[in-house]
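Following: one structure in structure tokens, then a few remarks.
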Amino acid sequence: MKQIEVAALVLIDDNRVFAAQRKNLGPLGGMWEFPGGKLEVGETGREALVREIQEELGVTIEIENYLLRVEHQYPGFFIIMHAYVGHIQEGSIQLHEHQASRWLKKHELWQIEWAAADIPIVQKVEQLLA
């Protein structure tokens, strides 16, 4: 079984969290997620996240803290996801890899269809938002 290790960004601003919708490709097409991506060989989660967010969203971020680790079995692969809270240091978000994005308030978190591995992160974010 294929195993992948990824890092995800929980971007909170003005009591809202950023969510990105995957393009309609592959088994998770159209699902909503926290942006991020795969760790490359020798890369830490923090390093991967800074690189991936620059590639996916065109912004420079600063990571504030580690939030949690999620392990999830999808059909065909097993994912280990490291979620970090961070903020934008420089730039404006531009979607390079996603088809849509939203800034969600606490009461809006469950109005979109999250990828299964992101759900534990959403539950944690619910506690972070006032």
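Laboratory data are not the source of any read-out in this text; all were calculated from the coordinates shown. The model shown is predicted, which means the values in this text are computed figures rather than measured ones. Virtual Cβ from ideal backbone geometry, glycine too; neighbours counted across all protein chains shown.
Tabulated results
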{"item": "F77 exposed (fewer than 15 other Cβ atoms within 10 Å of the Cβ) and in contact (Cβ under 8 Å) with a residue 40 or more places away in the chain", "result": "yes"}
{"item": "Positions within region 88-130 being under 18 Å from A48 (Cα atoms), in contact with a strand residue (DSSP E or B) (Cβ under 6 Å, 6 or more places away or on another chain) and either surrounded by fewer than 15 Cβ atoms within 10 Å (Cβ to Cβ) or free of Cβ contacts under 8 Å to residues at least 40 places away in the same chain (or both), in sequence order", "result": "Q89, E90"}
{"item": "Residue selected from region 29-50 under the condition over 22 Å from W114 (Cα atoms) and free of Cβ contacts under 8 Å to residues at least 12 places away in the same chain, by the criterion surrounded by the fewest Cβ atoms within 10 Å (Cβ to Cβ)", "result": "V41"}
{"item": "Checklist (1) charged (D, E, K, R); (2) part of a loop (DSSP other than H, G, I, E, B); (3) within 13 Å of A8 (Cα to Cα) applied to R69, failing item", "result": "(2)"}
{"item": "In region 50-84, the residues that are over 25 Å from P27 (Cβ atoms), in contact with a strand residue (DSSP E or B) (Cβ under 7 Å, 6 or more places away or on another chain) and among the small types (G, A, S)", "result": "none"}
{"item": "Residue list for region 81-101, filter: within 14 Å of T60 (Cα to Cα) and either of a type in the set (S, T, Y) or in a strand (DSSP E or B) (or both)", "result": "V85, G86, H87, I88, Q89, E90, S92"}
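A quick yes/no check of all residues on (1) small (G, A, S); (2) over 16 Å from Q3 (Cα atoms):
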| position | (1), (2) |
| --- | --- |
| G29 | yes, yes |
| F34 | no, yes |
| G37 | yes, no |
| V41 | no, no |
| T44 | no, yes |
| E47 | no, yes |
| Q54 | no, yes |
| G58 | yes, yes |
| L67 | no, yes |
